[in-house]
Structures are given as C-alpha cells and as structure tokens.
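Here's the structure we're looking at; comments come further down.
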Amino acid sequence: MIYNSLIKRLQKELILKDLKKKLVILSGPRQVGKKWLSNSISEQYSNSLYLNYDNTKDQITIKNQSWIDSTELIIFDEIHKMDNWKMYIKGVFDKKLPHQKILVTGSVRLDAFNQTGESLAGRFYRHRLFPFTWTELSNNNSDVSYHDLFERGGFPEPLLAEDNQAASRWRIQYVNGLIREDILDFERIHDLKKIKYLLLMLQDRVGSPISYESLARDLELHSATVKKYILILEALFIIFIVTPYSRSISRSILKEPKIYFYDTGLIESPGARFENIVGLNLLQKCQWSTDYSGIEKELHYLRTKDQKEVDFAIIENGKLKQIFECKVTDDTLSKNLKYFSEKYSIPGIQLINSEKNEYKVKNCEVRNAKKFFSDTN
C-alpha cells in the first residue's frame, strides 16, 4: 500500500544513519509497513536488492550469496525462517564489501528464536516499527484524523481506508492471516481454534490482570499451554505484556500481567481501547528511548496488596520515574494516582480522551492524551 504522500515514518532517517555504521534489524507486526519503509530507504541507494526468504528464487540467491559487487544495500526479509540465520547474517556482514549496507526485517521478534549458532552482538542496531501513534502523527503534515486513529487503530491500511467498512474487512483478513499463517509458521500447533478463542478472550480482558489458570479452565487447556500460546502471540507482535513493577524481579514475574494489542482497532470497549492506545504510545516511547537515546526504560503497572492500582508506570534504569492513569472523559483526579505520586514522590499523569481543561494538583497533572503525546515526542 502506498502512503508515503500522506504520512511518513519517523525512523527512516535514523535507520539511514545507522546503516552507515552497522547492520540494522527492523522488526514489527505484520503489515505495519516494514516493506514500505525498506523500499523507501532503498530509494536512497543507486543499487539495492530486496530478498524475501519466502520466495523460492530469493532463497537461491540468499544461499549462494549471488548478488553483484556493486549492490549497495541488501535487504533480507523474513530471514529468521532460515536455519542458523544469525550465523548466516554474521558471515554476510563480516565479509561484505566496504560500501555495502545490510537491513534485516521480520514480523517476529528476531530474538525470539533461541537458536544455537553465532551471536550478532556488537554488529547491529535494533529498530522497532510500531503502528502509527499520536506521537508519530503529530510529526506529520497529513490529513489523517485522530478520530480515525482511535476508531481504526494505527496500522496503515485500515487507518487510511476509505471508510470504516473497508477497515473492518482488512481486520478480518488480518486476524485470519495471523492465525493460519504466522502462528502456524512460528510453531506447529494442532488446535488453531483454541488460539483464536484465546485471542477473543484477551480482547475482552484488555487492561485487566489476567490469570493463566482462569484462561486455561475456560479453554480446557493446561495453564502452561496457555502461557506458551501467549508468549507466541507476544513474539509475533500481536500482543504486548505489561507486568507489575516490583523491586524484586522474581515477585514481579509471579504477579498477574496485563495484556494489550498492537492493533488497537481489535478492542470494542472505548475505555479499554483508550487505555490500550495509551499503553502502545508509552511502550513506543520506552523502546525508542532505549534504542535511540541509550536510556533504558520499561513499561509496567503498579498494584498493592489492597488493590490500589495505576494503569502504567515508566521505569528508567531500574527506578520508578513516572506513573499514568487512563480515563476516557473523567477529569477528576484519580485517588490512586495521587496516592502513588505522594508515596514515591514521582510525577503522576492522568490522561483523558476529551477536550476538558487540563490542570495540575501538586505533582499530578490531568492532560489530554493526544496533546500530551504530541508535546512530549
């Protein structure tokens, strides 16, 4: 889908800069725009080559490394499906000619495969491509509306579709493709119906702590199987997992996580969808900070034993830095946000999806979400 005249990706210039130094690994959800971005990057080179491991002819070229010496940019797509792909890419990178650049793309977390073989440590820069967010749209001189972003999600095709019906048709095909192709390609699973049911159940539980045991009972599966399925969904960039923050890592792992979707258009409840959109924006900010600024940030949530909870917390270099509460229209300052802000002496932000007046009380602010992410990109 061509959308370069309507909307741009912020990471293009960063990737072009990093390609001059190391190989670049670009990962992200299926149909998020990796191929378009790769093609846009390739236009900056006089001689580039795109190789998709799913293509039989391209596989032969990959195996024989039969590209001509004048090739300036080599793009490897879905190369993670190749046995010992890390060793292969390491060999290509170490033996490449000085003028050649390497871009690796894929629709799974490329570190998800625990393969034996050579490590790429020290040889690559990581870039993670998200669906369009408030942050990215605020940097575009486009006619894309924030209403469409809220209703349709940030994936390029539904976001730029002619109407909501076209966006819905895309989403049905997208979900079916994820289940029948990507999940099955990732791991041979005998009961794909259970995966589909799990996806539907998770959509209804967005923003709520989940219990693997409860899901297992509903699906008539073992809890370990449910956890395995959820990890597969995470590795394929279908969902992302937010765990409760604790100074004890082991305690945090044991507590119930919350699950959100990269495709926020899958969520029917306006309140849950708004929280999911905020979570996606915050995750992007955390990962971009880690990848581009070298400041390690993680996204968690806070909850006490007496059920006091705030939706999100940003952890910077292991320390609690900022907390967030999501309210679609309620601009009354959250008691829990105020409690945690005072307890830990950290800024608290209550994000709302309305044009009500913004205000501040001590260390807490009530902000319009769209404006907040546009102002702090």
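Assorted remarks:
- In plain terms, the residue of E358, E162 with the fewest other Cβ atoms within 10 Å comes first and the most crowded comes last, giving E162, E358.
- Here L184 and E358 are evaluated by their C-beta separation; at R0 = 30 Å the FRET efficiency comes out at 0.05.
- Ascending count of other beta-carbon atoms within 10 Å, so fewest first, for H222, H127: H222, H127
- Amide H partners (placed H, <5 Å) of Y125, local residues excluded: L23, V24, I25
- Prolate/oblate/rounded label for the stretch 12-129 (Cα gyration tensor, a/c 1.5): rounded
- Straight-distance candidates among the aspartates and glutamates for linking to K12, with alpha-carbon spacing under 16 Å and chain neighbours fewer than 8 residues away dropped: E43, E136, D291.
- Using a cutoff of 8 angstrom between alpha carbon atoms and counting only pairs six or more residues apart, the relative contact order for the chain works out to 13 percent.
- Between the helical axis of 335-344 and the longest alpha-carbon principal axis of the chain there is an angle of about 70 degrees.
- Potential extension, W36-N317 segment - 0.36 nm per residue separation minus Cα distance: 97.8 nm
- Summarising the amide proton neighbourhood of I239: residues at separation of 5 or more, or on other chains, whose placed amide H is nearer than 5 Å comprise E234, Y262.
- Couplings for the stretch 230-245, taken from phi via the Karplus curve 6.51 cos²θ - 1.76 cosθ + 1.60 with θ = phi - 60°, read 5, 5, 5, 4, 5, 5, 8, 6, 8, 10, 10, 9, 10, 9, x, 7 Hz in order; Gly and Pro are left as x.
- Charge dipole (the chain, unit charges on Cβ, about Cα centre) - positive-most of G33, I267, I74: I74
- Sequence-distant residues sharing a close amide H with Y301 (under 5 Å, placed H): T243, Y245, A313
- Anisotropy class of the stretch 135-375 from Cα gyration tensor, a/c 1.5 cut: oblate
- Set of aspartates and glutamates near K86 by C-alpha distance (under 18 Å), chain-local residues within fewer than 8 positions excluded: D54, D58, D77, E78, D94, D111, E118
- Beta bridges by DSSP in the stretch 263-377, antiparallel share as percent, to the nearest 5: 60 percent
- When you filter the trypsin sites (Lys or Arg not before Pro) in the stretch 146-194 for DSSP loop state and at most 11 other Cβ atoms inside 10 Å of their Cβ, you are left with R188.
- Counting only Cβ charges, +1 for Lys and Arg and -1 for Asp and Glu, the dipole size of the stretch 128-240 around its Cα centre is about 460 debye.
- Footprinting exposure proxy for L233, L184 (fewest neighbouring C-beta atoms within 10 Å first): L184, L233
- If the segment from D291 to K21 were pulled out straight at 0.36 nm per residue, it would be longer than the present Cα-Cα gap by 95.7 nm.
- Over 25 Å apart at the Cα level, from the set K81/K196; K194/K305; K194/K258; K285/K327; K63/K228, are K194/K305; K63/K228.
- Size of electric dipole in the chain: Cβ of Lys, Arg +1 and of Asp, Glu -1, about Cα centre, debye, nearest 20: 1020 debye
None of the figures in this text is laboratory data; all of them are computed from the coordinates on show. Since we're looking at a predicted model, the values are computed, not measured. Every residue, glycine among them, receives a Cβ derived from its backbone with ideal geometry; neighbour counts consider all protein chains shown.
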